[in-house]
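Input: a single structure, listed below in structure tokens.
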């Protein structure tokens with residue numbers, strides 16, 4: 001059976017619509033997946049930054065506790081900064 005010109009055009013249009021819907025569905029899926037991955041990445045990054053900040057805070061406190069308070073202004077040489085600086 002031979003299709004007429006109009007039938008071929010209608011069929012081509014229908015196929016194009018199906019392809020467009022599939023492409024849009026795929027793009028929506030990729031966008032949703034990307035958003036989900038980005039949120040997880042942001043949470044992981046946030047947790048790592050907080051962990052690093054807490055570690056640095058702890059080390060700084062240990063560093064400050066190791067130096068007697070009356071030695072904060074001590075300078076071994078005038079050209080270097082004191083502990084307090």
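Between residue 84 and residue 70, what length in nm is gained on full extension when 0.36 nm per residue of separation is reduced by their alpha carbon distance?
Taking 0.36 nm per residue and subtracting the Cα distance, the gain is 4.0 nm.
Can you give the FRET efficiency to the nearest 0.05 for residue 60 and residue 34, using r as the Cβ-Cβ distance and R₀ = 30 Å? Please list the in-between numbers first.
Working: r = 38 Å, r/R0 = 1.26.
Efficiency, rounded to the nearest 0.05: 0.20.
Is region 36-85 rounded, prolate or oblate when judged by the Cα gyration tensor, a ≥ b ≥ c being the square roots of its eigenvalues, rounded requiring a/c under 1.5 and prolate requiring a/b larger than b/c?
Verdict is prolate for region 36-85.
Under the rule of -39500 (n - 2.57) per DSSP H run of 4 or more residues, summed and divided by the residues of the chain, what mean residue ellipticity at 222 nm is obtained, to the nearest 500 deg cm²/dmol?
Mean residue ellipticity, 222 nm, calculated: -27500 deg cm²/dmol.
Just to be sure I understand, if you calculate P(r) over Cα pairs in 10 Å bins from 0, in percent for this structure, which of (1) 13, 17, 14, 12, 11, 10, 8, 7, 5, 3, 0; (2) 15, 32, 20, 17, 12, 4; (3) 17, 50, 30, 3 do you get?
(1)
Quick one: length gained pulling residue 48 to residue 24 fully straight, 0.36 nm per residue minus the C-alpha distance?
5.1 nm
We did not get these values from a lab; they are worked out from the coordinates using the rules stated. The structure presented is a predicted model; accordingly, all values stated were derived computationally and were not measured. Ideal geometry is used to build each Cβ from the backbone, glycine not excepted, and the neighbour counts take in all protein chains shown.
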